[in-house]
Amino acid sequence: MSIIYKKVQQKDNPFLAKVIRGVIEEFDAPRTGTVYSDSSTDTLFELFQESNSILWVAEFNGKAVGCCGIFPTEGLENGYCELVKFYISSDVRGKGIGKELMLKSIVSAKELGYTHIYLESLPHFSKAIAMYKKSGFKLIEKPLGNSGHSSCDVWMLKEL
């Protein structure tokens with residue numbers, strides 16, 4: 001299986017929106033108060049034109065099958081960014097693609113000068129949460145910043 005890792009391109013928008021919404025449906029996660037209902041889910045290339053942000057995409061056979069990125073979410077402390085849009089198509093899960101995307105995002109956060117990475121998740125994504133813990137993320141008691149994802153109730157932080 002030949003996977004290409006690259007920065008998001010405009011042509012990836014429809015594939016990534018389908019992957020993200022498909023994963024949320026697959027795990028029966030909330031559709032409101034999550035990325036599912038964000039209008040930006042359909043325009044990720046445009047969203048990640050924001051300075052100090054990056055979205056890594058895994059591509060298989062010319063089609064985006066997963067993504068993970070770093071974003072300077074509004075309301076976060078100086079030096080903090082958020083790990084965002086971490087979704088992998090069920091067709092390619094379990095092959096190390098998610099881990100590679102997350103590692104690329106962590107390296108990018110360091111290169112962009114961030115000191116901490118924050119993330120929000122849901123209990124529905126227990127395998128991802130286990131991977132976050134293995135990568136040095138620690139649970140925290142309350143949300144940080146203004147992501148607008150009110151349904152997320154797992155919050156984690158990693159010091160770089």
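The values are calculated or read from the model by the stated rules, or taken from the named source; none is laboratory data. Everything numeric here is computed off the predicted structure, so don't read it as measured data. Positions of Cβ are generated from backbone atoms using ideal geometry, with glycine treated the same way; all protein chains shown enter the neighbour counts.
Being among the hydrophobic types (A, V, I, L, M, F, W, C) and farther than 23 Å from LYS142 by Cβ is the filter here, so list the residues in region 46-76 that pass it. Once the filter is applied, which keeps residues that are among the hydrophobic types (A, V, I, L, M, F, W, C) and farther than 23 Å from LYS142 by Cβ, region 46-76 yields LEU47, PHE48, ILE54, LEU55, TRP56, VAL57, ALA58, PHE60, ALA64, VAL65, CYS67, CYS68. Return yes when THR34 is in contact (Cβ under 8 Å) with a residue 24 or more places away in the chain, over 15 Å from LEU112 (Cα atoms) and surrounded by fewer than 19 Cβ atoms within 10 Å (Cβ to Cβ) and no when it is not. For THR34, the condition - in contact (Cβ under 8 Å) with a residue 24 or more places away in the chain, over 15 Å from LEU112 (Cα atoms) and surrounded by fewer than 19 Cβ atoms within 10 Å (Cβ to Cβ) - is not met.
For the residues VAL65, VAL35, the requirement of being in contact with a helix residue (DSSP H, G or I) (Cβ under 7 Å, 6 or more places away or on another chain) and farther than 18 Å from MET156 by Cα singles out VAL65. Within region 104-135, being more than 23 Å from ILE3 (Cα to Cα), among the polar types (S, T, N, Q) and in contact (Cβ under 8 Å) with a residue 12 or more places away in the chain holds for THR115, SER121.
Restricting the search to helices (runs of 4 or more DSSP H) fully inside region 6-118 and requiring at least 1 residues that are in contact with an Asp or Glu (Cβ under 6 Å, 6 or more places away or on another chain) and modelled with pLDDT of 95 or more gives 13-26. Contact annotation: no residue pair with Cβ atoms under 6 Å, 6 or more positions apart or on different chains, pairs a residue in region 3-22 that is under 11 Å from GLY66 (Cα atoms) with a partner that is of a type outside the set (D, E, K, R) and exposed (fewer than 13 other Cβ atoms within 10 Å of the Cβ).
Just one of the listed residues (LEU44, LEU101, LEU55) is farther than 20 Å from HIS149 by Cα and either more than 12 Å from the chain's Cα centre (by Cα) or touching a residue at least 40 places away in the same chain (Cβ under 8 Å) (or both), and it is LEU101.
If the condition is being more than 15 Å from LEU119 (Cβ to Cβ), of a type outside the set (A, V, I, L, M, F, W, C) and in contact with a strand residue (DSSP E or B) (Cβ under 8 Å, 6 or more places away or on another chain), then region 42-76 contributes GLU50, ASN52, GLU59, GLY66. A count restricted to region 68-82 and to residues that are surrounded by fewer than 19 Cβ atoms within 10 Å (Cβ to Cβ), among the charged types (D, E, K, R) and either within 12 Å of the chain's Cα centre (by Cα) or over 15 Å from LYS158 (Cβ atoms) (or both) stands at 1. Looking across region 110-150, the residues that are in contact with a Lys or Arg (Cβ under 9 Å, 6 or more places away or on another chain) and surrounded by 15 or more Cβ atoms within 10 Å (Cβ to Cβ) come down to HIS116, ILE117, TYR118, LEU119, MET131, TYR132, SER135, PHE137.
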